[in-house]
Amino acid sequence: MTKTILNLLKALLNATLLLLALCLFLGWQLFASARGVSENLGEISARFTPIYDQLQTMNTEITSLNLVLTQSEAPDSAEMRFRLARLEEQLSRINAETEQMSELPAQVVTTAMEAAMQSLSAEIATRLPRLQNCAPDVAALLN
């Protein structure tokens, strides 16, 4: 009888250790995937940095050109100011879109991590009730 109880306890311990090893493996895979995604998104973000810098340079040049045109009294300067205003408006929209795109990697990583954690917790939630059903049988044998 004692040998049977010891064997049951060993089996319960083995099952618990296997479940723990599975959880650790899944967590390791999750973080490895998240790291890979974040590295890829970091590379994408790094590619947008030169574009953003060029847009800032263009913005500075347009501002200085606008200042020169404002000081000029040439007959066609009104038309040029109008065109320059349209360019500034387009440039500001491009700047806003570039800033939104630079925020995308962080949003994607956050969303991916949340989805992975929800999936992992759902998987654990489906597995834990099965282990709970095993526990009363062992407790009954010990009494």
Check your understanding: So, in region 68-91, of the ones that are modelled with pLDDT of 75 or more and surrounded by 13 or more Cβ atoms within 10 Å (Cβ to Cβ), which residue ends up farthest from the chain's Cα centre (by Cα)?
Key -> LEU84
Exercise for review: Note down all Cβ pairs under 9 Å where the first residue falls in region 85-103 and is under 26 Å from LEU41 (Cβ atoms), the second is surrounded by 12 or more Cβ atoms within 10 Å (Cβ to Cβ) and among the small types (Gly, Ala, Ser), and they're at least six residues apart or on different chains.
Suggested key: MET101/SER45; SER102/SER45
Exercise for review: Output the qualifying pairs, or none if there are none: Cβ atoms under 8 angstrom, residues six or more apart or on different chains, first residue in region 41-67 and assigned to a helix (DSSP H, G or I), second residue basic (Lys, Arg).
Suggested key: ASN66/ARG81
**Study point:** In region 3-39, the residues that are loosely packed, with under 13 Cβ neighbours inside 10 Å, modelled with pLDDT under 85 and more than 21 Å from GLU123 (Cα to Cα)
**Key:** ARG35, GLY36, GLU39
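The values are calculated or read from the model by the stated rules, or taken from the named source; none is laboratory data. Values in this document were obtained by computation on a predicted structure and should not be read as measured data. Positions of Cβ are backbone-derived with ideal geometry, glycine not excepted, and every protein chain shown enters the neighbour counts.
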